[in-house]
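Values in this text are rule-based calculations from the coordinates and carry no lab data. Note that the coordinates shown come from a computational prediction; the quantities given were computed from them, not determined experimentally. We place every Cβ from the backbone using ideal geometry, glycine too, and count neighbours over all the protein chains shown.
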Amino acid sequence: MSARNLVDYGTAVVKPADFDAFWEETLARAASIPLNATVTPVPLRSTPTVEVFEVHYDSWDHVRVAGWYCLPRQRREPLPAMVFYPGYISEPTLPKGYAAKGYATFGVAPRGKLRSNARFNPGYPGLLTYNIVDRHTYGYRGFYVDAFRVIDFLLAQPEVDGTRIGVQGGSQGGALTLLAASMCPAIAAAAAQAPYLAGMIDAIALTHSYPYEEINEYLRLHPGARDAVTETLAYYDCHNFVERIRCPIIVNIGLNDDVCPPETGYEVYRRIGSAQKQLYAYAGHGHDSNGYGHAAIVDEFFADLLRPVPVTA
Amino acid sequence: MSSATAPADFAVYWGAAMSELASLPIAAEITPNPLRSNDHAAVYDVRLTSSGPYRIFGFLTVPHGDGPFPTLLHTGGYGSVVHIGSYEDRQNYVTFALRHRGRRLADVPFAAAYPGLLTTGIANPQTYIYRGIVADCCRAFDFLAAHPAVAADKIAIIGDDLALLTAALRPQADALYTTPGFFYRAAEIAPKTGAYPWEEFNDFARAYPDQAAAMWATLAYFDPTHFAAHVRAATVMVTGNEQDMLSPAVLAPLVAAFSQPVTQVVSAHSSYKDGVAQATWLARRYGLGAPVLPAHWQ
C-alpha cells in the first residue's frame, strides 16, 4: 500500500446543508443546562505532589458526566490546563504525571464510560451504532457535548488560566481533540493522535477492524439503512468540523493503521483550518501511530505554547 | 517484601482455588449473535459459571466450515472491554474474548472500577479479586477445551499475566503468547513508577500504610515467576526494550523460571509490527501458511 494512495484517497463525506445549524442548536440547548459541577477530593489517588479530585457535571439530556481533575499541590497560579480525551474502549486516564509537569489536568469520562453510565450505557461494541439512523438521538450527540463541556468546567476554575488550555488524545481521544478544538474557541493548542470518527463512511470500506466494523455489522443486518446511516454520520464526522480549528495543532498517524486508516487521517488533516498545523505520518506503525516515540514531541509542543511550571518536590 | 520466593502455601492456595472452580458446573449458555456474525464466522454470546459462583461472559467466534479449528483464547488487558476476535482471526480460528468478572457484560453484581480493580480485596489473598479472575480465565479454557469446534490440542492463550497464569494452571494449553504486566515483581517495580495500573499499588500503599505489607504478600501469590515452571505450552514472551520498565534484563528471571525454552520478542512499540509478528507465529504453529492480515498490514 503506497504512501501516494494513502495521501490521495479523498473522501465520500458530504457536509449537510444544515450542519452548522444542527450544532448551533445542539450547543445552545446544552448551554441552557447548568454545569452543576461538583469537585470531590480523592485522597486515595493523591500524592505528595499532586491532588486528585473527582468531578461530576451535568451535560446533554442532564446526564451526569465524571472526570478526574488533578492539580499540582505547589502551584503558581494561574495554571495552564490539559484535557485528556479517552479512546473508544479505554477508561479515562488519571493524569497525575502531567499535573506534576505544572498543568491542571482533566481526564474525562463521557457518557457510557464507567462512572458516567448510569443513564446511558450502550456498551462496547455498541456506542458507534447507537441510534445511528437518527442524527437527533445518535449516541455521539451527547458524547460530543460531554467532551466540549470539560472546557466550560475549566474556564470556571479560578486556578486555571483560560487562555492556556490544551487538549490531546488518541483514536477516539484524537477525534474528540479535533472536535473540541473545532467547537471550543478557548482551546489554545491541540495534539490529536490517530484520529477516529473521521471519514467514517470511507473507513468502513477500508477496514474490518473494530470499532468501525460495528458499522459494517450493522449494515449487514440492516442493509436498507445505508442512506440513513450515511446521513447521520455526516453530522458527526470530524471532516465536517475541523475547518473551524484556529489554534496550533499537531496530528500523528500510522501508515499501517488498520483501525483508523491513514487515508482518513490525511484527509482530516488536510481539512484543518488552522494555519499552524503539522502532520507526523509514521511509516511502520499501526494504530499506535508511534505514540511511544511521539510523546516527547507532544510534550515539547505543549510546553512551548502553554508554558507550565513543573512541580518541584 | 520481595516476591522472588513463592509463598509457602502457594500450591495449596491455587489448589483450593482450582478445586472450588471444579466443583461448579460450567453451565454454558450459548446464544447466537447475528449482528456480529459474518460470512466467515458465526458469533455467539457465551455465559459461564465461574468461582463464587459468578457468571462471566465471552464472545465466541466459530469459522464456518468443518472443524475442529485451532483456537485463540484472549484473556485481555487491564480494562473493562475486550474486543471480539478480529475479522481476520475469525477466518481460521475459533476465538474467545473473555469478559471476566467485573468487566462489561460480566459486571453484575460486581462492576470493576478502573482504577480500582487491581487492589480490590488485596489485603488478603483469599479475598483478592484476582483469585476469582484467574479462575474465570481457567473456566474459559475449560469451556473451549470441551467445545466440539475446538481442536483441544491447539488452544493458544494470548494476553498479559493472566494468560501466563492460565497456561500454568491449564498445562494442556498448546501455546502461550504473553506480554507480562503488573504482577511480575510488583513489590519491586511499582514503587519505581507512577504509571497506572502499577500506580494503583502505590496509591493503596500510601492510603493504607498499615496494609501495604499485606498487599505485597498477596501479590506474591500472583507473580508469574511462580507459575512459569508449570507452563507446558510453546511460549512467546513479548518484552519491552532496554528503556522500558519490563526490559529483557528485568524479565530475565521470569524467562529463567520456565522449565522449557521461551521465545523472546522485543516489542517494536508498533501495533502493526507486533501484530504481524504474533499473527505470523500463530499461523506458522498451526500450519495455516501466511496469516490473514488487515489490508494496512500487508
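Details
- Checked against the criterion of being within 14 Å of another protein chain (Cβ to nearest Cβ) and within 22 Å of the chain's Cα centre (by Cα), the range A:51-60 contains one or more residues that satisfy it.
- The set of residues in the range A:185-214 that are small (G, A, S) and at the interface with another protein chain (Cβ under 9 Å from one of its Cβ atoms) contains only A:S209.
- Top-ranked residue in the range B:156-192 [being touching a strand residue (DSSP E or B) at 6+ places or on another chain (Cβ under 6 Å) and β-branched (V, I, T); ranked as farthest from B:V236 (Cα to Cα)]: B:T166
- Residue within the range A:89-97 that is over 24 Å from A:T230 (Cα atoms) and outside any loop (DSSP other than H, G, I, E, B) present: yes
- For the residues B:F110, B:F96, the requirement of being free of Cβ contacts under 8 Å to residues at least 60 places away in the same chain and within 14 Å of another protein chain (Cβ to nearest Cβ) singles out B:F110.
- Restricting the range A:74-101 to residues that are away from chain B (no Cβ under 14 Å) and in contact with a strand residue (DSSP E or B) (Cβ under 6 Å, 6 or more places away or on another chain) leaves a set whose member that is surrounded by the fewest Cβ atoms within 10 Å (Cβ to Cβ) is A:P78.
- Pairs with Cβ under 8 Å, 6+ apart, first in the range A:237-262 and more than 14 Å from chain B (Cβ to nearest Cβ) and closer than 13 Å to A:Y282 by Cβ, second buried (at least 24 other Cβ atoms within 10 Å of the Cβ) and among the β-branched types (V, I, T): A:V251/A:V268; A:V251/A:I272
- Filtered by the rule that a residue be within 11 Å of A:V108 (Cα to Cα) and not hydrophobic (A, V, I, L, M, F, W, C), the range A:141-168 gives A:D146, A:R149.
- Odd one out for A:V167, checked against (1) within 12 Å of chain B (Cβ to nearest Cβ); (2) surrounded by 24 or more Cβ atoms within 10 Å (Cβ to Cβ): (1)
- Filter result for A:Y210 (part of a helix (DSSP H, G or I) and in contact (Cβ under 8 Å) with a residue 24 or more places away in the chain): no
- Checking B:Y114 against (1) part of a loop (DSSP other than H, G, I, E, B); (2) under 30 Å from B:N38 (Cα atoms); (3) in contact with an Asp or Glu (Cβ under 8 Å, 6 or more places away or on another chain), the condition it does not meet: (2)
- Among strands (runs of 3 or more DSSP E) entirely within the range B:1-73, having at least 3 residues that are surrounded by 22 or more Cβ atoms within 10 Å (Cβ to Cβ) singles out B:41-50, B:54-63.
- Residues within the range B:267-298 that are aliphatic (A, V, I, L, M) and away from chain A (no Cβ under 14 Å), tallied: 4
- Test: residue in the range B:253-266 that is free of Cβ contacts under 8 Å to residues at least 40 places away in the same chain, within 14 Å of another protein chain (Cβ to nearest Cβ), touching a strand residue (DSSP E or B) at 6+ places or on another chain (Cβ under 7 Å) and surrounded by fewer than 19 Cβ atoms within 10 Å (Cβ to Cβ): yes
- In the range A:112-142, the residue that is farthest from B:I84 (Cα to Cα) out of those that are away from chain B (no Cβ under 14 Å) and of a type in the set (G, A, S) is A:G142.
- Cβ pairs under 6 Å, 6+ apart, first in the range A:276-303 and in a helix (DSSP H, G or I), second among the β-branched types (V, I, T): A:F301/A:I250
- Selected residue (criterion: surrounded by the most Cβ atoms within 10 Å (Cβ to Cβ)) from residues of the range B:226-252 that are part of a loop (DSSP other than H, G, I, E, B) and in contact with a strand residue (DSSP E or B) (Cβ under 8 Å, 6 or more places away or on another chain): B:V231
- Against the numbered list (1) closer than 25 Å to A:G162 by Cα; (2) surrounded by fewer than 19 Cβ atoms within 10 Å (Cβ to Cβ); (3) aliphatic (A, V, I, L, M), A:V14 comes up short only at (1).
- Checking B:A205, B:A290 one by one, the residue that is outside any helix (DSSP H, G or I) and either crowded, with 16+ Cβ neighbours inside 10 Å or of a type in the set (A, V, I, L, M, F, W, C) (or both) is B:A290 and no other.
- Filter result (touching a strand residue (DSSP E or B) at 6+ places or on another chain (Cβ under 9 Å) and within 14 Å of chain A (Cβ to nearest Cβ)) within the range B:59-79: B:F59, B:T61, B:H74, B:G76, B:G77
- Residue count for the range B:178-191, restricted to those that are within 14 Å of another protein chain (Cβ to nearest Cβ) and either part of a loop (DSSP other than H, G, I, E, B) or surrounded by fewer than 22 Cβ atoms within 10 Å (Cβ to Cβ) (or both): 2
- Test: residue in the range A:215-228 that is within 30 Å of A:M82 (Cα to Cα), more than 14 Å from the chain's Cα centre (by Cα) and either more than 14 Å from every other protein chain (Cβ to nearest Cβ) or assigned to a loop (DSSP other than H, G, I, E, B) (or both): no
- Checklist (1) buried (at least 18 other Cβ atoms within 10 Å of the Cβ); (2) in contact with a helix residue (DSSP H, G or I) (Cβ under 7 Å, 6 or more places away or on another chain); (3) free of Cβ contacts under 8 Å to residues at least 24 places away in the same chain; (4) not aliphatic (A, V, I, L, M) applied to B:S271, failing item: (2)
- The one condition in (1) touching a residue at least 60 places away in the same chain (Cβ under 8 Å); (2) crowded, with 19+ Cβ neighbours inside 10 Å that A:D61 fails to fulfil: (2)
- Screening the candidates A:T230, A:T264, A:T177, A:T207 for the property of being in contact with a Pro (Cβ under 6 Å, 6 or more places away or on another chain) and of a type in the set (S, T, N, Q) yields one hit, A:T207.
- Against the test of being surrounded by fewer than 21 Cβ atoms within 10 Å (Cβ to Cβ), among the small types (G, A, S) and in contact with an Asp or Glu (Cβ under 7 Å, 6 or more places away or on another chain), the options A:G254, A:G273 yield a single qualifying residue, A:G273.
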